[in-house]
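Data first, discussion second: the structure below is written as structure tokens.
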Amino acid sequence: MDFTILAPIAGLLALVAAGYFAYSVLKENAGTPRMKEISGAVQEGAMAFLNRQYTTIAIFAVIIAVVLGFFISWYVAGGFLLGAILSAVAGYIGMNISVRSNVRTAEAAKSGLAKALSVAFRGGSVTGLAVVGLGLLGISGVYLISAYVLTPAGQPVDLKPLIGLGFGASLVSLFARVGGGIYTKAADVGADLVGKVEAGIPEDDPRNPAVIADNVGDNVGDCAGMGADLFETYIVTALAAMLLGNIPAVQTALTTQFGLNPSFVSNLVTFPLILGAGAIIASIIAIFFVRLGKSNNIMGALYKGLIAATVISVILFAAANYYLLGMNMGILIASFVGLAVMACLFIITEYYTGTGHRPVNEVAKASLTGAGTNIITGIAMGLEATALPVLVIVIGIFVAYQFAGLYGIAIAAVAMLSVTGIIVAIDSYGPITDNAGGIAEMAELPPEVRKHTDALDAVGNTTKAVTKGYAIGSAALAALALFAAFKADIVMPAGTSLNLSIDNPIVLIGLFIGGAVPFLFSALCMLAVGRAAFNIVEEVRRQFKEIPGIMEGKAKPDYGRCVDIVTIAALKQMALPAILAVLTPLLVGFILGPAALSGLLLGVIITGLVLALHMTSAGAAWDNAKKFIESGNYGGKKSDAHKAAVVGDTVGDPYKDTAGPSLNALIKVMNTISLIFIGLITTYYLLR
């Protein structure tokens, strides 16, 4: 039996389940007319931004597709466009349900914490299942077309269209992360600096002209952005494992060193697809385990789902290994290593970003002596937060390699990403609850409603940070596998070899350039947020000054003006970071050659991983330190410590929601475009 057909079937099943959860959420009561009006404004702003963003991306995508078609292959160009389209569709689905779940979560909060959690998590589940469903459907569909339509009988399957698919998904993810991140943090910073610090009004106060833009930003950054991010991570990770499973040297090593029966070698390419199919089943079942217990532990309820997905995945991974690889224990252990790395990264990231733990408490306490000490402590905690995740990833790489070589590392990454459905659900729950709190505040709902939404939102801050850490950690494993595939694609003439040793000055030059790129990229993202936030701050100040009656609640602010300003700024500023990611590997490859390009990719992987971990952890610690003070600690709201914490959170916003998570996409874009063009680069290098 050809088990590959199970992959598209599982993808379709995920989409059906997503439709079911969407229907169940939309059946819920949407609240009062005022709540519907506020939610409608957020919907309108979010969809307007997404439409304009994807229109801009489409121009870039068409140009790149034409270049790929002329210089590489029209099949690769087709795969690229499909990857871009599926990524955009995943973003649209996530956005549409998110902006409709928020008001229903606020209404459900009137009935208690359990009801609100249920609605918010089901809304997040739609995004999660759409991401993995479209991802597995896309990559398995392209593989089956390549294997049975494009490849002549008896010939090896051409996986280049799959690389195009991965590149398309990565490029859209980069734009979505950068553009959405600039939007959400510019609006957030502008609303906080003028509203909280200068005017002294609460978060999400309807008197703040930037409040609708801020709520829109939660969706475009953390729903559409994270959906596109993990969609491409999911695809590229499976792609890396499939590419390695197709390399003869890797196949030989598995049969001679790691005990794989030669009769199962042909299944190495499709094995990652079956792991993904099994994990989709696990994620669908696990969603029903997320229920609030008597202790009202929200994070515990979410972890029930994650633990259930992991346990079910272990069983299904073993079954897949038995039927496709004859129960090869080395590869099975490698898959378990991936699940263990995922669990460890979750625990570590929660420790460094969750309230009630030392790092966040230290940042909050440092706020007592001002913004300066708050920022110093936040940066220190972010730096410290890189050590344990890197150690976990290193141990995971070592163990997986010992048991199954390079293919084992790739399978560990696939296993780690396989439970993406439940993890995106946990992440998307965050912005839904954040918006629900905003709607509760603006609609002037009873205090107990805001109490419930605040409790959900505080956990949401941690889940968003945990998901980012998970995505970044998986990117490191996937990028290492991609790099191995990249090296295998460098074909030199017989009798010659390429010196990739670090004592080769050309490799070292590439390494230094690659190491610097994530820092330059992050600087561009941070500056973009600063410029856009400046415009919002000026606009909010202008409205407070020129529109009489806003502070007394007698006049309505011009919300639409702030939405327009931040939309234009985000779309304008997102192009340069994306161009840097696409052009750098091409320029280094064609000017300095494949050896320098190899060094570049290694440099990007190493510094990009560590810098992203630092930024996402520090940013979340600043955010939750502010929330910790707002809950009544160290003087509570409107205290000097609170004002200092707001400044720290303002610094952390572009850290954790713009530059940090965008580095994940940067790493993958540079690796996939290098894979696509390495043949041309090598040919050009040899002809010089």
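The values are calculated or read from the model by the stated rules, or taken from the named source; none is laboratory data. Given the structure is predicted, the values throughout are model-derived calculations rather than measurements. Here Cβ is always computed from backbone atoms with ideal geometry, including for glycine, and neighbour counts include all displayed protein chains.
Numbers at a glance
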item: Residues (over 30 Å from LEU498 (Cβ atoms) and either in contact with a Cys (Cβ under 6 Å, 6 or more places away or on another chain) or of a type in the set (S, T, N, Q) (or both)) located in the stretch 626-685; result: SER631, ASN633, SER639, THR650, THR658, ALA659, SER662
item: Close pairs (8 angstrom Cβ cut-off, 6 or more residues apart or separate chains): free of Cβ contacts under 8 Å to residues at least 24 places away in the same chain and assigned to a loop (DSSP other than H, G, I, E, B) in the stretch 16-38, surrounded by fewer than 22 Cβ atoms within 10 Å (Cβ to Cβ) and among the small types (Gly, Ala, Ser) anywhere; result: none
item: Residue list for the stretch 485-507, filter: hydrophobic (A, V, I, L, M, F, W, C) and farther than 30 Å from ARG177 by Cβ; result: VAL491, MET492, ALA494, LEU498, LEU500, ILE502, ILE506
item: Pairs with Cβ under 7 Å, 6+ apart, first in the stretch 329-345 and farther than 13 Å from TYR407 by Cα and in a helix (DSSP H, G or I), second of a type in the set (Phe, Trp, Tyr) and modelled with pLDDT under 95; result: MET342/TYR470; LEU345/TYR470
item: Number of the exception - GLU107 against (1) farther than 23 Å from ARG34 by Cβ; (2) in contact with an Asp or Glu (Cβ under 8 Å, 6 or more places away or on another chain); result: (1)
item: Some residue of the stretch 620-627 being among the aromatic types (Phe, Trp, Tyr) and surrounded by fewer than 24 Cβ atoms within 10 Å (Cβ to Cβ); result: no
item: Residue that is surrounded by the most Cβ atoms within 10 Å (Cβ to Cβ) [pool: residues in the stretch 150-189 that are among the β-branched types (Val, Ile, Thr) and touching a residue at least 60 places away in the same chain (Cβ under 8 Å)]; result: ILE182
item: Residue selected from the stretch 287-324 under the condition among the aliphatic types (A, V, I, L, M) and under 21 Å from the mean Cα position of the chain (by Cα), by the criterion modelled with the lowest pLDDT; result: MET299
item: Exclusive hit being buried (at least 18 other Cβ atoms within 10 Å of the Cβ), among the aliphatic types (A, V, I, L, M) and within 29 Å of PHE167 (Cβ to Cβ), set ALA22, ALA77, ALA48, ALA58; result: ALA77
item: Residue in the stretch 517-556 that is surrounded by the fewest Cβ atoms within 10 Å (Cβ to Cβ), counting only those that are assigned to a helix (DSSP H, G or I) and small (Gly, Ala, Ser); result: ALA523
item: Options SER313, SER283, SER263; residue that is farther than 24 Å from LEU239 by Cβ and of a type outside the set (A, V, I, L, M); result: SER263
item: Residue list for the stretch 405-445, restricted to those being touching a Leu at 6+ places or on another chain (Cβ under 7 Å) and charged (D, E, K, R); result: none
item: Which listed residue is in a helix (DSSP H, G or I), in contact (Cβ under 8 Å) with a residue 60 or more places away in the chain and under 22 Å from the mean Cα position of the chain (by Cα), from LEU6, LEU81, LEU68; result: LEU81
item: Residue among ILE472, ILE426, ILE422 that alone is modelled with pLDDT of 85 or more, buried (at least 24 other Cβ atoms within 10 Å of the Cβ) and part of a helix (DSSP H, G or I); result: ILE422
item: Selection count where residues are over 19 Å from ILE348 (Cα atoms) and touching a Pro at 6+ places or on another chain (Cβ under 9 Å), scope the stretch 618-637; result: 1
item: Among residues of the stretch 572-607, those that are among the aliphatic types (A, V, I, L, M) and more than 19 Å from CYS525 (Cα to Cα), counted; result: 12
item: When residues of the stretch 442-462 are limited to those that are over 27 Å from THR349 (Cβ atoms) and touching a Lys or Arg at 6+ places or on another chain (Cβ under 6 Å), the one surrounded by the fewest Cβ atoms within 10 Å (Cβ to Cβ); result: ALA443
item: Residues that are among the acidic types (Asp, Glu), within 18 Å of GLU444 (Cβ to Cβ) and crowded, with 24+ Cβ neighbours inside 10 Å, drawn from the stretch 205-222; result: ASP214
item: Scope the stretch 210-233; condition among the small types (Gly, Ala, Ser) and closer than 20 Å to GLY83 by Cβ; matching residues; result: ALA224, GLY225, GLY227, ALA228
item: Among the residues listed as LEU613, LEU600, the single one being out of contact with any Asp or Glu (no Cβ under 8 Å at 6 or more places or on another chain), among the hydrophobic types (A, V, I, L, M, F, W, C), closer than 23 Å to GLY460 by Cβ and at pLDDT 90 or above; result: LEU613
